[in-house]
Structures are given as structure tokens and as C-alpha cells.
Amino acid sequence: MVCPPVYLFESQALCELPAFLAAAADTDAPGDFIRWLAERGLVHAHRMRGERFDVGNPEAYAAAAAWLVAHER
């Protein structure tokens, strides 16, 4: 099972961003902030159901569009 991360931040977590940037050695990847928040107990997860597509190129976009047409109700 693979899914790109989708982050939803509560205002409490976003208020921690300045502290993270000041304290963390590595702040380049979005996952670094999530890890830092998790160490403080501020992260919850939700498993998304359904289909997701990586449409990072024209071929993948066409495949996702074809899937959508095939599954329209």
C-alpha cells in the first residue's frame, strides 16, 4: 500500500513551527516537521480509503483520467 502524504495541521501544531525551525538541525523535508511534532505527541494518523494516483507526468495523468472515466457513476 502506497500513498503520498497528505498533511492537515491544526493551529496548535502550526504554532510550533517557529520552535521547530529554531531547534531542529534538519528542516528541509516536510516529514522532518511531522517527526518533530510526533515526538511531542501532536500527530494523529488517518488511513485514507479509495484510489489515489501520482500524476507527476503526462502519461500518469492520462492513466488517472482513463480510470476516472471508467469508474464514473
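No lab work stands behind these numbers, since they all come straight from the coordinates. Since this is a predicted model, take the numbers as computed values, not measurements. As a convention, Cβ positions derive from the backbone with ideal geometry for all residues, glycine included, and neighbour counts pool all protein chains shown.
Structure values in brief
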quantity	calculated
Estimated distance in nm for a label pair at His44 and Tyr7, the labels positioned 7 Å out from Cα along Cα-to-Cβ	1.8
15 Å beta-carbon shell around Gly50, net charge (K/R +1, D/E -1)	+1
Dipole-positive endmost among Trp67, Gln12, Trp36 within the chain (Cβ charges, Cα centre)	Trp67
Approximate spin-label separation Ala66-Asp26, in nm, with each point projected 7 Å along Cα-to-Cβ	3.8
Two-site label geometry, Leu17 and Glu51: point separation in nm, points 7 Å out along Cα→Cβ	3.4
Tail beyond 19 Å, pair distance distribution of the chain (Cα, percent)	52
Helix-only [θ]222 nm of the chain, DSSP H runs n ≥ 4, -39500 (n - 2.57) each, per residue, nearest 500	-13500 deg cm²/dmol
Check: the chain dipole with +1 on Lys, Arg Cβ and -1 on Asp, Glu Cβ, in debye	320
